[in-house]
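My questions all concern the structure below.
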Amino acid sequence: MLEAVTDELRFLTQSLEAIGAFALILGFVIATARCILEIGRKGAKEAIEGYRQAIGRTVLIGLEILVAATIIKTITFDRTLENTGLLALMIAIRTVLGWSMALELYGHWPWQKKKHPK
């Protein structure tokens with residue numbers, strides 16, 4: 001019974017890792033294709049700004065999925081001090097990236113209220 005649960009959790013973590021990688025690749029391909037199409041319609045400056053935002057969102061989504069897989073893997077299979085430290089470092093990097101991407105995408109820090117134009 002315990003072995004079946006372990007096998008299913010291992011499959012879940014591997015699936016989440018694959019989904020995270022696929023989300024990164026698919027997001028990059030879609031954002032790039034959309035940017036190329038929008039250069040002709042909106043101009044390079046607006047298209048590249050949209051591209052940067054799309055890539056930022058893609059990275060955040062992919063990292064969320066990969067962090068979830070790493071958390072599950074670390075707490076169920078690889079409970080060593082080294083792996084726990086790597087998990088903590090990964091979460092810290094994800095947090096800093098999330099804050100900086102939010103600033104880049106939305107123009108304010110996540111804890112600040114949204115700026116309303118006058």
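Assign unit charges at the C-beta atoms only (+1 for Lys and Arg, -1 for Asp and Glu), then state the dipole size of the chain relative to its Cα centre in Debye, rounded to the nearest 20. Could the numbers behind the result be given before it?
Details: 14 positive and 11 negative charges, 189 e Å.
Dipole of the chain, to the nearest 20 debye: 900 debye.
Summing +1 for each Lys or Arg and -1 for each Asp or Glu, what net charge is found among the other residues whose Cβ lies under 14 Å from the Cβ of Ile65?
Local net charge: +1.
Whenever you get a sec, line up Tyr51, Tyr106 from highest to lowest accessible area (probe 1.4 Å, protein heavy atoms).
Tyr106, Tyr51
Output ³J(HN,Hα) for segment 10-26: one whole-Hz value per residue in order, computed from phi by the Karplus curve 6.51 cos²θ - 1.76 cosθ + 1.60 with θ = phi - 60°, and x for Gly and Pro.
After applying 6.51 cos²θ - 1.76 cosθ + 1.60, I find 5, 4, 4, 5, 5, 5, 4, 4, 5, 5, x, 5, 5, 4, 5, 5, 4 Hz.
Can you compute 3J(HN,Hα) from phi for each residue in segment 77-83, using the Karplus curve 6.51 cos²θ - 1.76 cosθ + 1.60 with θ = phi - 60°, rounded to whole Hz and x for Gly and Pro?
Along segment 77-83, the couplings run 10, 10, 7, 10, 5, 5, 5 Hz.
Continuing with this model, one more query. For the chain, what is the mean residue ellipticity at 222 nm derived from helices alone (per DSSP H run of n ≥ 4: -39500 (n - 2.57); sum divided by total residues; nearest 500 deg cm²/dmol)?
-31000 deg cm²/dmol
Explain nothing, just compute: Karplus ³J(HN,Hα) = 6.51 cos²θ - 1.76 cosθ + 1.60, θ = phi - 60°, for every residue of segment 33-39 in order, whole Hz, x for Gly and Pro.
Taking θ as phi minus 60°, the curve returns 4, 4, 5, 4, 5, 7, 4 Hz for segment 33-39.
Now for a different question. Rg and Dmax of segment 1-68 over Cα atoms: what are they, in angstrom?
Rg, Dmax (Cα atoms, Å): 17.1, 60.
The values are calculated or read from the model by the stated rules, or taken from the named source; none is laboratory data. All of these numbers come straight from a predicted model, not from anything done at the bench. Methodologically, a virtual Cβ is constructed for each residue, glycine included, from the backbone with ideal geometry; neighbour enumeration extends over all protein chains shown. Areas reflect the complete protein model, heavy atoms only, side chains present, ligands, DNA and RNA absent. Shrake-Rupley method; radii C 1.70, N 1.55, O 1.52, S 1.80 Å.
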